[in-house]
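Beneath this line is the structure, given in structure tokens, with notes to follow.
Derivation of every value follows stated rules applied to the coordinates shown; laboratory data play no part. On a predicted model such as this, the values are computed, not experimentally measured, just so you know. Methodologically, a virtual Cβ is constructed for each residue, glycine included, from the backbone with ideal geometry; neighbour enumeration extends over all protein chains shown.
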Amino acid sequence: MDQIDQVYASIKEKVLNLALDPTQPLNEKLLIQETGGTAKLVQEALKRLAADKIVVQERDRWYVAREATSGIMREIFEVRTTLEGMCARLAAERVSDETIERMEQLLEDFERVLKQGDNKALLAVDQKFHKLLYEASGNRFLARALDEMYVLIYRLSFFALDRMGSVRGNVEEHREILHALKTGDARAAERIIQHHIGHFQSMVEELL
């Protein structure tokens, strides 16, 4: 593989792995360091990526193309909606009393950070809640797949944090999910979690 191909592939992988903030201009000096290329090679690679509609150039600065971010998001959420629905259904049948108690504590944490208006802390609590849900499914392979997917969701969410408004509705959905788990209503748990994911997807898409 030629060096230009290596630089191109490296930057493309960063875009696909959501390692580059789509709301900010690309740091070309950092790309040079991380790809091991030269300024000229990075520029050539970015032009090729632009031809592939992965990045765009605006006022002499390079950005991740909105179409690329939207496409990645669509693929992630398509899979996540299905897998997390299955996860919630299984969790409603298998969740332990201890996990229920830990989730109830997280709901209190949600309320606390919501009052503080700290979206970064809120995202951290959200991650803990979903991790407990994954574990409650009793399926290690499903939990692992969802854990890996959540890392990508976390990155997307983090990029949009500064512009997020009230997420009160999002917090209330967690309360509904927990109620379905406590009552053992597998169908309701699946339906609510899928609605929750769709709601969150729409919110993030508007901000990126």
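Quick check: from the Cα gyration tensor, does region 68-207 come out rounded (a/c under 1.5), prolate or oblate?
oblate
Rounded, prolate or oblate for region 1-115? Axes are the square roots of the Cα gyration tensor eigenvalues, ordered a ≥ b ≥ c, and the cut-off for rounded is a/c under 1.5.
prolate
Just to be sure I understand the model, the point goes 7 Å from the Cα along the line to the Cβ. What's the resulting Lys128 to Arg66 distance in nm?
It works out to 3.6 nm between the two label points.
In terms of the Cα gyration tensor, with a ≥ b ≥ c the square roots of its eigenvalues, is region 3-64 rounded because a/c is under 1.5, prolate because a/b exceeds b/c, or oblate?
rounded
Once every DSSP H run of n ≥ 4 in the chain is given -39500 (n - 2.57) and the sum is divided by its residues, what mean residue ellipticity at 222 nm do you get, rounded to the nearest 500 deg cm²/dmol?
Per the formula, -26000 deg cm²/dmol.
On a 0 to 90° scale, report how tilted helix 3-16 is relative to the longest principal axis of the chain, with both axes built from alpha carbons and the result rounded to the nearest 10.
30 degrees
Could you check the simple spin-label distance between Arg175 and Glu13, using points 7 Å along Cα→Cβ, in nm with one decimal?
Rounded to a tenth, the inter-label distance reads 4.5 nm.
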